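Presented below is the structure to which this report refers.
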Amino acid sequence: MLYELKAARLEPLQPVRAVRRPRLFAHLGSSTALVLGFFGLIGELGSMSKGAAPSGMLVGAPIMILGALAYRSAKKRALGELPSTLGRWLFEGTAILLIVLLLALQPRLPALMASDPAPYFVIPFWAIVAWLVAAARAVARRRE
């Protein structure tokens, strides 16, 4: 016989490390909120520079930006993309505290919420609830 078959020595299988490719739409919601917040703030400051009276977006845009940053950080922790560190928790807590302070420092807040609910109620409510859900998922993942 021309060819002789030898017993193959197989090495034990090693776990294959998956290559993480950047996902284009992994954080689409928070990216959209960041972009809209920055455009809202720039637009509001631009209109104020031309003499227009400030609208609710002077408060709503920074709240949207802070909420999106806090949510994105908590979501990355929940997905395991980043570790859950004390600094990250402090950053998120500070962002949420700033949102509450921005609202609390508004004169006539109940009247503003009634007349212009988007920047004074909807955006802050959305930001805080989204962060709470993402933070709860991160805590649940940490316990597993």
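The values are calculated or read from the model by the stated rules, or taken from the named source; none is laboratory data. Computed from a predicted model, the values in this text were never measured in an experiment. Glycine also receives a Cβ, built like all others from the backbone with ideal geometry; neighbour counts cover every protein chain displayed. Note: accessible area is taken over every heavy atom of the protein model, side chains too, but ligands, DNA and RNA are not part of it. Shrake-Rupley method; radii C 1.70, N 1.55, O 1.52, S 1.80 Å.
Key figures for this structure:
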read-out: Filter pass, residue 120 being open to solvent by 60 Å² or more (accessible area, probe 1.4 Å), of a type in the set (Ser, Thr, Tyr) and touching a residue at least 60 places away in the same chain (Cβ under 8 Å); value: no
read-out: Search result, residues across region 90-116 that are open to solvent by less than 60 Å² (accessible area, probe 1.4 Å) and free of Cβ contacts under 8 Å to residues at least 60 places away in the same chain; value: 92, 93, 95, 96, 99, 102, 103, 106, 109, 111, 112
read-out: Failed condition for residue 80, given (1) of a type outside the set (S, T, N, Q); (2) open to solvent by less than 50 Å² (accessible area, probe 1.4 Å); (3) modelled with pLDDT under 90; (4) touching an Asp or Glu at 6+ places or on another chain (Cβ under 8 Å); value: (4)
read-out: Pairs with Cβ under 7 Å, 6+ apart, first in region 128-144 and touching a residue at least 40 places away in the same chain (Cβ under 8 Å), second not in a helix (DSSP H, G or I); value: 138/84; 141/80; 142/84
read-out: Filtered residue count, region 30-77, keeping only those that are aliphatic (A, V, I, L, M) and open to solvent by 30 Å² or more (accessible area, probe 1.4 Å); value: 12
read-out: Conditions (1) in contact with a helix residue (DSSP H, G or I) (Cβ under 6 Å, 6 or more places away or on another chain); (2) β-branched (Val, Ile, Thr); (3) open to solvent by 50 Å² or more (accessible area, probe 1.4 Å); number of the one not met by residue 133; value: (1)
read-out: Residue within region 61-69 that is more than 11 Å from the chain's Cα centre (by Cα), β-branched (Val, Ile, Thr), modelled with pLDDT of 95 or more and not in a loop (DSSP other than H, G, I, E, B) present; value: yes
